[in-house]
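Written out below as structure tokens is the structure these notes cover.
The values are calculated or read from the model by the stated rules, or taken from the named source; none is laboratory data. Here the structure is a predicted model, which means the values were calculated and not measured. Counting neighbours? That spans all protein chains shown, and the Cβs are built from the backbone with ideal geometry, glycine included. Quick note on the areas: whole protein, heavy atoms, side chains included, nothing else; ligands and nucleic acids left out. Shrake-Rupley method; radii C 1.70, N 1.55, O 1.52, S 1.80 Å.
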Amino acid sequence: MKLARGLCPRRPLLLLLAACFALMSLSPTAAAAPADDRPVSTEVSFTGANGVRLNGTVFSPRAVGGDRPALVMVPGAGPGGRSELRDAAESYARHGTVALTYDKRTTGYSTVHRDYSLLADDALAALRLLRDRPGVDRARTGMWGLSEGAWAVSLAASRSADVSFVITAGAVGMAPARQQAWAYGEYLAHAGVSGSLPHTMQGSFTRQLVGAGLFPEAGYDPVPKWQRVRQPVLAEWGTLDREAAPRESSRTIARALYRGGNRHYTIRFVPGVRHNLNATRDHGFDRISRLPSDYAGFEAAWIERLSLGLPPRSIGPAPHQQRQTRALPSPLWYDAGQVQLAALCVLAFGFVGYPLCALVRRVGKGRGRRVPSLRAARWLSGTGLAVFVGTPVYLLFLALTAAGVTGPVLLGRTLPWLALQLLAVAAVGATVWTGVSWWRGRGRIGRAENVRLGLLLAAGLVFVPWGMYWGLLVP
């Protein structure tokens, strides 16, 4: 009893101390403690190839113990730059590796024009800046490249021994046109699309893009560049990569490194992630931006081990690849730009000229005989013009979205493609109808109307092989 009474006066003091500790734990300084893990970011700028000024950000570990390994991060295709790779760079910095990201050049790089040699020189300029920064281990300063960026960093590594190591994500081992045609097929098949549209996208459409010069670096061969890479390489693919044909690309790159005498490469397949090693909710066919919780952990450990010696050759088991890539077939005579241009001119003169002449005559209040084939001709002009304009617009839309946006699919066809095919069939029927009506009323048609209908019928006749070439008149 006395002992209990003796402790009673201290209870308020103990409660007060406990309350103070609780308030301290909720103070702004304590609440911000997890933020100490955030990397230090520093804005930088440097001069790339041909004097182009580029801006970037260096992400450094907050707690630095001595000089740290570092890497330059090169993004994939498109205008993306620092914002695209910020989360990945911060993750590398949290794992102890300094990372530099920078905005891609706009001079000499666009949707229809790019030069991987320029991109490689830009990456080397970024590397020079990074190597000169305090806290960076110059002996362990390398490059990281995503997809198209892998072509740039492999080319840069083949040019400079200053590149200590190479890490790639989703590297492609074949020509860009061949890889993109395969990716079109993967995305369309996943959406449930069958029939002529996948063949059109992978065949005639891709060949026409290449022939028209709208597919940059379409025939670029990465193999000779990989054969000249002597640095340690960590090449990674997601097991759910639907864009780089990972099984084929990994074998091609490993074979090129081996033939070039490089025995210090690691071929790794990361389970459950997509092309850019990000997480996925749709088996790799979506494009969400979310890094796995262990992102950059394996890679940072691989870089750290370089200080102990060169890594041995290691190749992991490749994921199953249901469809193989195919080289684009050699162009035939009807693939030639002159032939396609001539067909487009005939279709434009016929389908556009018919209603245009009618409009001019109506504005001029001209009078003419009523032509028996008028209704059929209107059908032909309307349906033909809709298909003539709609087909390239829709195919270009699919190309710009990498066939990732298809919308509803009915009978194995996207709704826009099904509509174009139905209109194409209607145009063929209208061609026959117009020809029969014209023949029956040929004695009552004037010279000017004969010319007008002749151009329209010529367009209808050319439309048949044109529609078959583009897959509009085949199942």
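Mind checking the per residue accessible area of the chain for me, 1.4 Å probe, whole number of Å²?
Per residue, the chain has an accessible area of 49 Å².
Could you please state, rounded to a whole Å, how far the C-alpha centre of the stretch 389-408 is from the C-alpha centre of the stretch 169-242?
17
Return the distance in nm (one decimal) between the two label points of a simple spin-label model at Val436 and Arg251, each offset 7 Å from Cα along Cα→Cβ.
My value for the distance between the label points is 5.5 nm.
Can you pull the three principal axis extents for the Cα set of the stretch 162-234, in Å, largest first?
For the stretch 162-234, the Cα extents along the three principal axes come out at 49, 28, 15 Å.
So what is the relative contact order for the chain, in percent, with contacts set as C-alpha pairs under 8 Å and at least six apart?
12
Among Ser249, Gly195, Gly284, whose Cα lies farthest out toward the positive end of the dipole of the chain, if unit charges sit on the beta carbon of Lys, Arg (+1) and Asp, Glu (-1)?
Comparing the listed Cα positions along the dipole, Gly195 ranks first.
Tell me the accessible surface of Tyr109 in square angstrom (1.4 angstrom probe, heavy atoms of protein chains only), to the nearest ten.
Accessible area of Tyr109: about 20 Å².
Within 11 Å, Cβ to Cβ, of Thr141, how many net charges do the neighbouring residues add up to if Lys/Arg are +1 and Asp/Glu are -1?
Summing Lys and Arg as +1 and Asp and Glu as -1 gives +2.
Tell me the label only: which of [x] 44, 23, 19; [y] 37, 26, 21; [z] 60, 29, 21 is semi-axes √(5λ) of the Cα gyration tensor in Å as calculated from this structure?
Structure-derived value, by its label: [z].
If each residue of separation counts as 0.36 nm, what is the full-extension length gain between Ser41 and His199 once their alpha-carbon separation is subtracted?
52.2 nm
Where in the stretch 294-329 does the amide nitrogen come within less than 19 Å of the point 7 Å from the Cα of Tyr258, taken along Cα to Cβ?
311-321
Once fully extended, how much extra length lies between Arg323 and Leu341, figured as 0.36 nm per residue of separation less the alpha-carbon to alpha-carbon distance?
Taking Arg323 through Leu341 to full extension adds about 3.2 nm, to one decimal.
How large is ³J(HN,Hα) for each residue in the stretch 298-304, as worked out from phi by the Karplus curve 6.51 cos²θ - 1.76 cosθ + 1.60 (θ = phi - 60°), to whole Hz, x for Gly and Pro?
Karplus values, whole Hz, x for Gly and Pro: 4, 5, 5, 5, 4, 5, 4.
To two decimal places, what compactness ratio does the stretch 211-276 give when its Cα radius of gyration is scaled by 2.2 N^0.38 Å?
That ratio works out to 1.26.
How high is the relative contact order of the stretch 216-270, in percent, counting Cα pairs under 8 Å that sit 6 or more residues apart?
Relative contact order comes out at 51 percent.
For the stretch 255-295, restrict the atom set to alpha-carbon positions and state the Rg and Dmax in Å.
Values for the stretch 255-295 (Cα only, Rg and Dmax): 14.3, 40 Å.
Please report the antiparallel percentage of DSSP beta bridges with both residues in the chain, rounded to the nearest 5.
35
Calculated FRET efficiency, Val464 and Val389, Cβ-Cβ r, R0 25 Å, to nearest 0.05?
0.90
Given the C-alpha centroids of the stretch 74-110 and the stretch 264-313, what is the distance between them in whole angstrom?
That distance is 16 Å.
At a Förster radius of 51 Å, what calculated FRET efficiency corresponds to the Cβ-Cβ distance of Leu374 and His190, to the nearest 0.05?
So the FRET efficiency works out to roughly 0.65.
With a cut-off of 8 Å between alpha carbons and a minimum separation of six or more residues, what is the relative contact order of the stretch 246-300 in percent?
RCO, the stretch 246-300: 18 percent.
Okay, helix-only estimate at 222 nm for the chain: each DSSP H run of n ≥ 4 adds -39500 (n - 2.57), divide by all residues, round to 500 deg cm²/dmol; what do you get?
-15000 deg cm²/dmol
In whole angstrom, how long is each semi-axis of the equivalent ellipsoid of the stretch 185-335, when you take the square root of 5 times every eigenvalue of its Cα gyration tensor and sort them from largest down?
32, 22, 12
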